[in-house]
Amino acid sequence: MLKVKKEKELAEAERKRAEREIEIIYEKYAPYLKYDVKRRIKNRQFKKRKRLERKNRPPRPYIPPQRTAEEQKAIDTEMKRLYKEYHVSAVGRMARHLKEKYSKQ
């Protein structure tokens, strides 16, 4: 009987402690919860309004950047280098992988 009574008291104490922790969390975050929900609603309304405003607007025309011949040549050579480095066949990738793997050992 005493053991059962002791277990019930411990269970009740644990339940009260858990309730108190929940109350503390609620007190800490509840004031911000209402504000957060309102802010999210307003944010969605704002985004929807902006999307509708942009819907009827024509897209901006593309204006290519003005570059000198030297700048364009430097960009082209860099793009070619990157293409050679990253766009290789499966066999080439496997060869690079094996080369890196065995060069480390």
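Read-outs: derived from the displayed coordinates by stated rules, not from any lab. Everything quoted here is computed from the prediction, not taken from an experiment. In this analysis, Cβ positions are derived from the backbone assuming ideal geometry, glycine residues included, and neighbour counts consider all displayed protein chains.
Annotations for the structure displayed:
- Gaussian network model of the chain, springs between alpha carbon atoms under 10 Å - residue of Lys34, Lys48, Lys84 with greatest fluctuation: Lys84
- Simple spin-label estimate for Glu53 and Arg39 gives 2.2 nm between the two label positions (7 Å along the Cα-to-Cβ direction from each Cα).
- Computed helical MRE - 222 nm, the chain, DSSP H runs ≥ 4 contributing -39500 (n - 2.57), nearest 500: -30000 deg cm²/dmol
- The computed Cα Rg over 2.2 N^0.38 Å for the structure shown corresponds, within (1) 1.08; (2) 1.14; (3) 2.54, to (3).
- Length available on full extension from Glu9 to Phe46: 0.36 nm per residue minus the Cα-Cα distance, which gives 7.9 nm.
- Under the combined filter of DSSP loop state and at most 13 neighbouring Cβ atoms within 10 Å, region 13-70 retains these chymotrypsin sites (Phe, Trp or Tyr not before Pro): Tyr62.
- Of the trypsin sites (Lys or Arg not before Pro) in region 50-82, the ones in a loop by DSSP (not H, G, I, E or B) with at most 13 other beta carbons within 10 Å are Arg67.
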